[in-house]
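**Q** Can you read through this structure? Questions will come right after.
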Amino acid sequence: VLHRTFEAFAGVHVPTVVCNEIVSRAPAEERNVEFYNLSDMAVDLSGFHLTLTPLQPDLFTFPDGSWISPRDFLLLTEADLGFSLVARDEMVSLFLYDPDGKKVLDAVRLLEPSDLAAEVQAHARMPDGGAWSVTPTPTPGLANQVDFETRVVINEIHFNPRLADNQFKPLDDT
């Protein structure tokens, strides 16, 4: 998972909004992108831009009245966006720009290999606004839920009965 969040405006306190969940591996009517307001202030995204590539910074412009309450979510479906969220070249990329289209507020590049199972899954930050994970349980407009293994799991064993200093000798079966 590749990700980079940029400082909104250097030296000026601006509430931070990040891309929080992307459902790109699902039927078209279920694909969406969710934004999360990390701040304790409502944020107006009216006029901000979302795009798949920096070469076209105004692919989608947030309409007037696009407010996100403090610590809340804003959900946009593919139909809202007018473009597909399906991975291109095994990557999902999204860029959030300020209204002038000159400052990147959040940039996300997520690996989505074509050999993954075809079932619905989402890239989600866990906890909300945190590190990226993959989950089979999309939670559009709600707090993200990522299943973590809580049991002890042995995932690798290194075994070699012969030690370098020959302290022990392997059993001889003769």
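The values are calculated or read from the model by the stated rules, or taken from the named source; none is laboratory data. None of these values were measured; they are calculated from a predicted model. Ideal geometry is used to build each Cβ from the backbone, glycine not excepted, and the neighbour counts take in all protein chains shown. The accessibility values were calculated without ligands, DNA or RNA, using every heavy atom of the protein model including side chains. Shrake-Rupley method; radii C 1.70, N 1.55, O 1.52, S 1.80 Å.
**Q** For the range 120-174, name all the residues that are at pLDDT 65 or above and among the acidic types (D, E).
**A** D128, D147, E156
**Q** Checking F73 against (1) surrounded by fewer than 18 Cβ atoms within 10 Å (Cβ to Cβ); (2) under 22 Å from N144 (Cβ atoms), which test does it fail?
**A** Of everything listed in (1) surrounded by fewer than 18 Cβ atoms within 10 Å (Cβ to Cβ); (2) under 22 Å from N144 (Cβ atoms), F73 misses just condition (1).
**Q** Now for a separate question. Report the residue count in the range 47-58 for those that are over 12 Å from V104 (Cβ atoms) and open to solvent by 60 Å² or more (accessible area, probe 1.4 Å).
**A** Residues that pass the stated criteria total 3.
**Q** Consider E30 carefully, then state whether it is surrounded by fewer than 16 Cβ atoms within 10 Å (Cβ to Cβ) and either on the phi < 0 side of the Ramachandran plot or among the polar types (S, T, N, Q) (or both). Write out each step before concluding.
**A** Values: surrounded by fewer than 16 Cβ atoms within 10 Å (Cβ to Cβ): yes; either on the phi < 0 side of the Ramachandran plot or among the polar types (S, T, N, Q) (or both): yes.
Yes, satisfied.
Condition check ((1) at pLDDT 90 or above; (2) touching a strand residue (DSSP E or B) at 6+ places or on another chain (Cβ under 7 Å); (3) in a loop (DSSP other than H, G, I, E, B); (4) polar (S, T, N, Q)) across all residues:
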| position | (1), (2), (3), (4) |
| --- | --- |
| C19 | yes, yes, no, no |
| E34 | yes, yes, no, no |
| S46 | yes, no, yes, yes |
| P57 | no, yes, yes, no |
| D64 | yes, no, yes, no |
| V86 | no, yes, yes, no |
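**Q** Does E78 count as without any contact (Cβ under 8 Å) to a residue 40 or more places away in the chain and of a type in the set (D, E, K, R)?
**A** It is false that E78 is without any contact (Cβ under 8 Å) to a residue 40 or more places away in the chain and of a type in the set (D, E, K, R).
**Q** For the range 108-119, which residues satisfy the criterion of being at pLDDT 80 or above and charged (D, E, K, R)? If you could, list the steps in order and put the result at the bottom.
**A** Quick first cut of the range 108-119, residues at pLDDT 80 or above only: 108-110.
Hit for the range 108-119 is R109, nothing else.
**Q** Further question on the same structure: Kindly indicate the residue of the range 88-107 that is open to solvent by 70 Å² or more (accessible area, probe 1.4 Å) and not in a strand (DSSP E or B) and also modelled with the lowest pLDDT among those meeting that condition. Talk me through it step by step, then tell me what you get.
**A** First, pick out the residues of the range 88-107 that are open to solvent by 70 Å² or more (accessible area, probe 1.4 Å): 88-90, 100, 102-103.
Cutting the leftovers down to not in a strand (DSSP E or B) gives us 89-90, 100, 102-103.
Values: D89: 71, E90: 75, D100: 86, K102: 81, K103: 84.
My answer is D89.
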